[in-house]
Amino acid sequence: MKLTPLDPKIFFSVVIPAHNEEKSLPETIGAIAEAFAKRNISDYEILVVNDNSSDGTEAVLVSLEKKIPFLRHVNNRPPHGFGYALRKGIESFRGQSICFVMADLSDHPRDILAYYDSLKAGYECVFGSRFIRESKVIDYPIVKLWLNRCANLVIKYLFWIKHNDITNAFKAYRREVIEGLLPIVACHFNLTVELPLKAIVRGYTFRKIPISWTNRKHGVSKLKIEEMGSRYLFIVLYVWLEKMLTGEDYMRRMRVANKPTEEDSAKSA
């Protein structure tokens with residue numbers, strides 16, 4: 001995987017994978033653009049990855065691009081699927097940092113701005129949690145919630161980390177972190193677990209903040225419960241073996257001046 005060259009004018013890339021999201025995208029993109037406009041922030045982009053949509057998703061994006069100068073889209077070539085769309089977004093973003101956001105507005109624009117502020121403050125990663133004080137979760141399907149909490153509990157104690165929502169895709173990273181996590185192995189929803197676990201194991205600093213999550217209004221979730229099994233287990237064990245067997249082989253080689261330290265990450269957790 002080779003990243004698109006950096007555009008020095010863009011600090012923050014909001015990457016949105018989209019498959020058949022013509023009904024959700026106008027509200028989602030409009031809300032994000034409005035949130036940044038209220039803060040007079042212009043060093044960002046919204047990058048939508050159109051993942052083989054069979055509805056009017058691309059037509060909607062073309063129309064929105066005429067109104068929102070910070071928006072652009074790319075089409076994901078086969079193979080398709082959520083993980084492959086994220087990989088396309090990683091290849092295509094131009095900012096100094098990247099934030100993965102869902103197309104259905106389940107992630108609140110206010111929290112996107114909190115991620116932006118945290119990265120500006122010097123953190124290398126920002127991991128939101130839906131399950132800490134001040135977080136808010138609305139209409140989470142009970143079966144998925146139970147599976148989610150169990151999976152995160154196992155991960156938390158297996159890696160002995162101070163974060164309880166690793167499985168959530170809504171996270172942000174600096175470009176140098178993404179470069180330090182290559183090559184990416186996962187191709188499905190489990191990619192959202194590989195990135196944060198690798199970042200933690202390889203010694204990057206992170207901040208944990210409370211976030212809001214709201215179930216989608218239109219369409220159906222692309223995550224299938226059966227994917228919570230072998231693919232997630234493979235990635236968790238893959239990164240755990242790296243942690244146990246490779247020592248410091250893949251650890252970052254130096255800290256960046258004026259960045260928050262590991263201790264800062266622990267305090268924020």
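The values are calculated or read from the model by the stated rules, or taken from the named source; none is laboratory data. Because the structure is a prediction, the values reported are computed rather than measured. As a convention, Cβ positions derive from the backbone with ideal geometry for all residues, glycine included, and neighbour counts pool all protein chains shown. The protein model used for the area step is the full one, side chains on, heavy atoms only, and it has no ligands, DNA or RNA in it. Shrake-Rupley method; radii C 1.70, N 1.55, O 1.52, S 1.80 Å.
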Open item on the list: Based on this model, can you work out whether TYR115 counts as in contact (Cβ under 8 Å) with a residue 24 or more places away in the chain, hydroxyl-bearing (Ser, Thr, Tyr) and open to solvent by 20 Å² or more (accessible area, probe 1.4 Å)?
Closed with: no
- [ ] Return the pairs, sorted by first residue and then second, in which the second residue is of a type in the set (D, E, K, R) and open to solvent by less than 10 Å² (accessible area, probe 1.4 Å), the first residue lies in segment 45-64 and is on the phi > 0 side of the Ramachandran plot, the beta carbons are less than 8 Å apart, and the residues are 6+ apart or on different chains.
- [x] none
TODO: Would you mind stating whether ASN50 is closer than 24 Å to PRO183 by Cα, in contact with a strand residue (DSSP E or B) (Cβ under 8 Å, 6 or more places away or on another chain) and surrounded by fewer than 18 Cβ atoms within 10 Å (Cβ to Cβ)?
DONE: no
TODO: Considering every residue within segment 256-268, establish whether at least one is surrounded by 21 or more Cβ atoms within 10 Å (Cβ to Cβ) and modelled with pLDDT under 90.
DONE: yes
